[in-house]
Structure formats: structure tokens, C-alpha cells
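Everything on this sheet refers to the single structure shown next.
Please treat every number below as a calculation from the coordinates, not as lab data. Computed from a predicted model, the values in this text were never measured in an experiment. We place every Cβ from the backbone using ideal geometry, glycine too, and count neighbours over all the protein chains shown.
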Amino acid sequence: MTISFFFPAKAWLVGVGADILKAKYNELEKLNEDLQKHTAWVEKAAKNAPAGSDVAVTALKSTVAATTAAFDQLSKATKQVVSFADASMRAATANVATAAKATTKGRKAA
């Protein structure tokens, strides 16, 4: 594989990957907005709940809180994966460029 092919291919792959991750991140944001609406609904329902429903309301609040925490962790993990993938592609690009220069210098010297 030549260096002239690698750079456009890398740019295309990074662009496609970024678009996919951006779309998935937007989906997560939409789900988070929906979750916030559900949280508000749970709070409203808790105020209007009949006597003796404290256990059910607490369980519902706990479920919403756990779901929110899971979305936060998923969002953080996604950002870390994107950062790692970008760093890996940059390192691979640098290594290929260095190897190509070394090969070119070796050919010129021979």
C-alpha cells in the first residue's frame, strides 16, 4: 500500500467514523431528553400519588436514576472510544509516513 493511498483512505475512514459516532451521539442526546421528560413526569406523579404508594414511587425514581447514570456512562465511554480511535489513527499515520520516508531514503542511497 502506498502512502498516497493511505492518507485519503484514512481521511475517509475517520470522516465516516465521525459521522456514525455523531449520529449515535445525537440519538443518545435524544434519549437523554426523553429521560428528562420521564423524570419530570415521575416527580409530578409522585406528588399526586395516593397514600401508600411510596414504595412504588421510590422504585420508579430509582429506575430512572439508574437509567440516567447508565446513559452518562455510555456517553463517557463513547467519547473515550472516539478519542482512542483518533489517537490510534494519528499514530498509525505517523508510523506509515516515517516508514515511507525511511524506505525512500534507503532507495535513494542504493
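Computed from label points 7 Å out along Cα-Cβ, the spacing between Lys101 and Asp34 is 5.0 nm. Using θ = phi - 60° in the Karplus curve 6.51 cos²θ - 1.76 cosθ + 1.60, the 3J(HN,Hα) couplings for region 82-88 round to 4, 5, 5, 5, 5, 5, 5 Hz; x is entered for Gly and Pro. Coupling constants for region 19-34 follow from the phi torsions by the Karplus curve (6.51 cos²θ - 1.76 cosθ + 1.60, θ = phi - 60°), and in residue order they are 5, 5, 5, 5, 5, 5, 5, 5, 4, 4, 5, 4, 4, 5, 4, 4 Hz; glycine and proline get x.
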